[in-house]
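S.K.: My questions all concern the structure below.
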Amino acid sequence: MEKTTLVIMAAGLGSRYGGIKQLEPVGVSGEIIMDYSIYDAIKAGFNKIIFIIRKDLEKDFKEVIGDRISRIIEVEYAFQEITDMPEGFTVPEGRTKPWGTGQAVLCCKNIIKEPFAVINADDYYGSEAFVKVHDYLTKADEKSTDYCMAGFVLGNTLSENGTVTRGVCQVDQEGYLVDIKETKSIQKKGESAVSGEKEGEETLIDLSSPVSMNMWGFMPGLLPKLETGFVSFLKTEGKELKTEYLLPEEVGRLIKKGEASVKVLSTNDKWFGVTYKEDKPVVMDSIRELVKKGIYPEKLF
């Protein structure tokens with residue numbers, strides 16, 4: 001069977017009250033959100049997991065999920081560190097923020113040799129997206145620069161408890177990504193969504209708009225491109241204390257330069273995650289409902 005890897009970006013998981021918020025149980029039998037993504041990925045055909053974490057989270061992470069999952073599927077770790085920079089560059093004094101999702105995936109450059117998907121650790125994506133991304137990757141040429149992305153419906157990704165940031169996508173008639181616009185402060189308002197914090201200055205967005213939730217499918221040839229892009233980013237923005245080398249932005253640059261294309265694979269599954277602490281009960285109820293419908297067993301692993 002062809003090897004396909006799921007890369008889970010977990011280096012941004014935040015510690016709070018002595019624990020890691022995103023590793024709190026939400027499932028019927030104490031599962032965390034990541035368990036559901038891994039379950040769906042294995043069912044779709046992925047046969048290796050790479051966790052991108054920070055070195056200081058390694059012990060907690062392995063105790064909560066890593067050691068369990070390594071008994072079911074091949075697991076490797078990549079460590080994202082702020083000091084992991086190309087030769088000739090140094091971390092500017094006062095910078096504490098990691099370098100972003102582009103650098104996170106780049107940390108896997110020595111261990112990815114096969115088609116791979118990338119997801120956030122703390123988002124629930126639904127099974128349909130994993131099947132579509134996996135099928136796309138297994139049918140593509142490994143040397144191809146034709147990548148893919150799960151396209152979610154904006155209305156299925158909003159929180160009832162506050163505003164969210166989403167990558168609103170422009171897609172051409174053939175279903176390929178033209179552009180992603182990182183849009184902040186989005187919330188539902190009547191039959192539409194709006195972005196913007198000031199009353200009267202809001203921008204209307206159609207609830208059916210396709211959005212990126214950072215679920216991608218790539219070939220290993222992306223990694224040298226990320227390496228080149230990271231060097232360019234550091235040359236122009238490397239002295240800033242808060243700017244980040246973001247995966248969607250680099251993919252957007254590659255599309256504009258004609259060095260990549262991205263097929264948007266539409267999914268109608270409802271996304272959920274713990275953006276606000278008030279979201280946790282909603283997530284727990286949503287999972288309970290999926291278990292009742294028979295989509296997941298009461299105990300995943």
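The values are calculated or read from the model by the stated rules, or taken from the named source; none is laboratory data. None of the values given here were measured: they were computed from a predicted structure. In this analysis, Cβ positions are derived from the backbone assuming ideal geometry, glycine residues included, and neighbour counts consider all displayed protein chains. Areas reflect the complete protein model, heavy atoms only, side chains present, ligands, DNA and RNA absent. Shrake-Rupley method; radii C 1.70, N 1.55, O 1.52, S 1.80 Å.
S.K.: Considering each residue of segment 1-60, count those that are hydrophobic (A, V, I, L, M, F, W, C), at pLDDT below 85 and open to solvent by less than 50 Å² (accessible area, probe 1.4 Å), and give that number.
M.R.: Qualifying residue count, segment 1-60: 3.
S.K.: Of the residues in segment 267-283, how many are assigned to a helix (DSSP H, G or I) and either open to solvent by less than 60 Å² (accessible area, probe 1.4 Å) or of a type in the set (Phe, Trp, Tyr) (or both)?
M.R.: 3
S.K.: Right, here's the next one. Taking segment 284-294 only, how many residues are open to solvent by less than 70 Å² (accessible area, probe 1.4 Å) and either on the phi < 0 side of the Ramachandran plot or assigned to a strand (DSSP E or B) (or both)?
M.R.: Total satisfying the criteria: 5.
S.K.: Among (1) touching an Asp or Glu at 6+ places or on another chain (Cβ under 8 Å); (2) without any contact (Cβ under 8 Å) to a residue 12 or more places away in the chain; (3) not basic (Lys, Arg), there is one condition Asn110 misses while meeting the rest; what is its number?
M.R.: (1)
S.K.: OK, next. State all residues of segment 157-179 that are within 18 Å of Trp216 (Cβ to Cβ) and polar (S, T, N, Q); if no residue qualifies, say none.
M.R.: Within segment 157-179, Thr157, Thr165, Gln170 qualify.
S.K.: Could you look through segment 236-279, keep only residues that are in contact with an Asp or Glu (Cβ under 9 Å, 6 or more places away or on another chain) and among the basic types (Lys, Arg), and pick out the one that is nearest to Leu177 (Cα to Cα)?
M.R.: Only one residue fits best here, namely Lys263.
S.K.: A further question on this structure: Hey, could you check segment 139-172 for residues that are part of a loop (DSSP other than H, G, I, E, B) and among the polar types (S, T, N, Q) and say which is least open to solvent (accessible area, probe 1.4 Å)?
M.R.: That would be Thr157.
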